[in-house]
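Notes follow the structure.
The values are calculated or read from the model by the stated rules, or taken from the named source; none is laboratory data. Just so it is clear, the model here is predicted, and its values are computed rather than measured. Virtual Cβ from ideal backbone geometry, glycine too; neighbours counted across all protein chains shown. Protein only, heavy atoms only, side chains kept; ligands, DNA and RNA dropped before computing areas. Shrake-Rupley method; radii C 1.70, N 1.55, O 1.52, S 1.80 Å.
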Amino acid sequence: MKVLVAVKRVIDYNVKARVKADQTGVDLSNVKMAMNPFCEIAVEEAVRLKERGVATEVVVVSIGPKAAQEQIRTALALGADKGVHVETDVEVEALAVAKLLKAVVEKEQPGLIILGKQSIDTDNNQTGQMLAALCGYGQATFASEVTVSGDKVEVTREVDGGLRTVALKLPAIVTTDLRLNEPRYASLPNIMKAKKKPLETVSPADLGVDVTPRLKTLKVVEPAKRSAGIKVASVEELVSKLKNEAKVI
Amino acid sequence: MESNGLHQADFDLFIKQVQKYVLEQLVPCEKEVFELNRVPEHIIIEMKEMGMFGVTTPEKYGGSGMNISQYIQFIEEISWAAPAFRAILSINTGMMTTAILKCGTEEQRVEWLPRLAAGEIACFGLTEPDSGSDAAALATRAVADGDEYVINGSKRYITNAPLADVALIMARTSSTNLAKHGHISAFLVPMSTSGVTVGKPDRKMGQAGAQIADIILDDVRVPRSALLGGVEGRGFMAAMQSIDSGRFSVAAISTGYAKRILASGLRYSMERKAFGETISNFQLIQAMLADSNAEIYAAECMLRDGTAKADRGQRVTTEAACAKMFASEMCGRVADRVVQIHGGAGYLAEYDAERFYRDVRVFRIYEGTTQIMQLLIAKAYASRVLRPVLTRDSYIQSRRITKPDRKWQVFK
């Protein structure tokens, strides 16, 4: 079985994001970029499926500027077999990403598609669901456990009330939650070997997808600064402050 | 000879993985390292798997072939975490690999380099109870006996001795001292060899988790094939091969750790309030942060320049000594200022500042003390500056008037 994994290049989670002075977006110049953490979990899960003999090939796809090849090469170093880079400098929206991924799915014919549940930059949490709808495949989002058996995949999902287990017919779409696995680190020998793995570059036009944005960002602002709280000595003091200062009771 | 080292894109990718690994795994593990006084096994295994023990080993011997600039940047990155983590791999990536590569036979390279790259831990046995940099006083003896050598003696302050799989032991193969330290030979001795015992780990001022101990050799028999290079008298040369990169490495850990220390000082100064505002608002605190930041930058510049020269094949003994001396002293000043920024809290074991202060003290001592560096730098400086004026005419004149050869003796 072939597994397709989508990875996204995002601002590193350790970096303090700053909004551009003109409020058009987040300032990404000279900022450290990395693979979206949920995508790392997706790659790890696919590689583990391969190590267990369930998957035969792991294909990793990324959509974005030339620099996104760094994230593909990281995934190859982590154990993926082949990379597909859909190169575009346009800021691609979730629906366009889903359409591009659908075109890659049609070409690669994977038995399982694993994505992160969301990317930590825009936090959309849409692509996996949209891709499932476009492909007509079953979807299991927020996975914390994935078990493939025969032509089915059993997925434990993290939902508000607890855990929910669903069974899907393959091919299917799975999006990863934080507790699915703990991703490994790419070793230097594997980084060196990854250079020899195939990496194919295509454009959105090659895949017949129009990626022109349909949404317009009006402005991006930093969250309002919270002023520091205070400590109260007793319940009485708390109640009195809530009554007289905050005036909420 | 110019050294391009590891493919730059691969190196950049690896450095990002190292940064991630340091923040996510090594720093959270520090408390455990201090409590156990060793690096936990699972971390050592991960470091081996990531290829960290073979970064400097050439590709054909199972490593990744970083050049000196790359190696030093790697050390700087890993030195954000406690020094114990660097200590565990530094003998492999530094002295041991260089000695075997430069002075070993091809059989020894093929046998040992891939094992060291894969993470068999090495230690380097030069120092003795009565002999440090003074190689003439080396007392450990190796005596040929048929197809074997019999080694007797003891080694002191040996980094990683309690964990090591193999040691490179410097031993005297001639009872009289020979020119160019030709009486010293080097032997590859597996630590499991009968007659090798390791003393209790020494208790130190700082750097908890990095273990040093004595090695006692009592009638240790090794085959002739264990003699490094297959020829007697190469031991001192083997020890000297990596001395410049070893000094750059100490400069790199000083610089990397200084960044961590300063960041903790900055964070504290932005949280701690006095007179109604955070102390980072006070200009005297800002001065300490600024001075430290500028000095870290200076050390980084020295490292970049010195290692780039080394990779171009230039002789860098002076650059390495300058970088080692400046960066280690700088790190001491930064750690001292950060204790000062912490005020009373800086004196308490509860805060990292106190540990940083103890950890960095040894940077000014090992791999040659600041004073040894000063002698070396002054001597090299004098020879560099005095030499050009010694044209034939000025030489004759100077012999008469200023006697430069007598000046020379000051530095010898």
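Worth pointing out:
- Dipole-positive endmost among B:287, B:246, B:276 within the stretch B:239-320 (Cβ charges, Cα centre): B:246
- Relative contact order (%) - criterion: Cα under 8 Å, at least six apart; region: chain A: 23
- Peptides A:197-205, B:285-293, A:94-102 ordered by packing proxy, namely the average of other Cβ atoms within 10 Å per residue, highest first: A:94-102, B:285-293, A:197-205.
- Local net charge near residue A:168, Cβ-Cβ under 9 Å (Lys/Arg +1, Asp/Glu -1): +1
- Take each residue of peptide A:189-197, count the partner chain Cβ atoms within 10 Å of its Cβ, and average: the result is 5.
- Chain B - percent relative contact order, Cα under 8 Å, separation 6 or more: 15
- Amide H contacts under 5 Å for residue B:191, placed H, 5+ residues apart: B:166, B:167
- Placing R0 at 45 angstrom, the Cβ-Cβ distance between residue B:205 and residue B:180 gives a FRET efficiency of 0.80 after rounding to 0.05.
- Taking all protein chains together and a 1.4 Å probe, the residues B:381, B:351 rank B:381, B:351 from largest to smallest accessible area.
- In percent, rounded to a whole number, the relative contact order of the stretch B:237-384 is 31, using alpha-carbon pairs under 8 Å and six or more apart.
- Cα gyration tensor shape for chain B, rounded if a/c is under 1.5, else prolate or oblate: oblate
- Couplings 3J(HN,Hα) for the stretch B:290-304, derived from phi with the Karplus relation 6.51 cos²θ - 1.76 cosθ + 1.60 (θ = phi - 60°), are 5, 4, 5, 4, 5, 5, 4, 4, 4, 5, 4, 4, 4, 5, 4 Hz, where x marks Gly and Pro.
- Proximal aspartates and glutamates relative to residue A:196, as straight alpha-carbon distance under 16 Å, when same-chain residues fewer than 8 apart are discounted: A:57, A:70, A:81, B:10, B:59
- Placing dummy labels 7 Å off each Cα toward the beta-carbon, the span from residue A:159 to residue B:134 is 7.9 nm.
- Protection-proxy order for peptides A:74-84, A:237-247, B:206-216, each taking the mean of Cβ atoms within 10 Å per residue, highest first: A:74-84, B:206-216, A:237-247
- The charge dipole of the stretch B:235-347, taken about its Cα centre with unit charges on the Cβ of Lys, Arg, Asp and Glu (plus for the first two, minus for the last two), comes to roughly 160 debye.
- Per-residue 3J(HN,Hα) values for the stretch B:7-15, derived from phi via the Karplus relation 6.51 cos²θ - 1.76 cosθ + 1.60 with θ = phi - 60°, read 3, 4, 5, 5, 4, 4, 5, 5, 4 Hz in sequence order (x marks Gly and Pro).
- Alpha-carbon centroid distance for the pair the stretch B:292-367 / the stretch A:210-249, whole angstrom: 43
- Each residue of the stretch B:250-257 is assigned a 3J(HN,Hα), and the resulting list reads 5, 4, 5, 5, 4, 6, x, 6 Hz, derived from the Karplus form 6.51 cos²θ - 1.76 cosθ + 1.60 (θ = phi - 60°), x at Gly and Pro.
- Other-chain or far-sequence residues with amide H under 5 Å of residue B:211's (modelled H): B:160
- Residue mean of other protein chain beta carbons inside 10 Å, A:7-18: 1
- Placing a pseudo-label 7 Å from each Cα along the Cα-to-Cβ vector at residue A:222 and residue A:238 gives an inter-label distance of 3.2 nm.
- A cut-off under 14 angstrom between Cβ atoms defines the neighbours of residue A:154, and their net charge, with Lys, Arg +1 and Asp, Glu -1, is +1.
- Counted charge near residue A:64, where neighbours are those whose Cβ lies closer than 13 Å (Asp, Glu -1; Lys, Arg +1): -3
- Per-residue shielding of A:161-167, expressed as the average number of other chain Cβ atoms within 10 Å of the residue Cβ, stands at 0.
- Charge dipole magnitude, Cβ of K and R +1, D and E -1 - the protein assembly as shown, Cα centre, debye nearest 20: 1780
- Contour excess over end-to-end distance, with Cα ends at residue A:109 and residue A:166 and 0.36 nm allotted per residue: 18.3 nm
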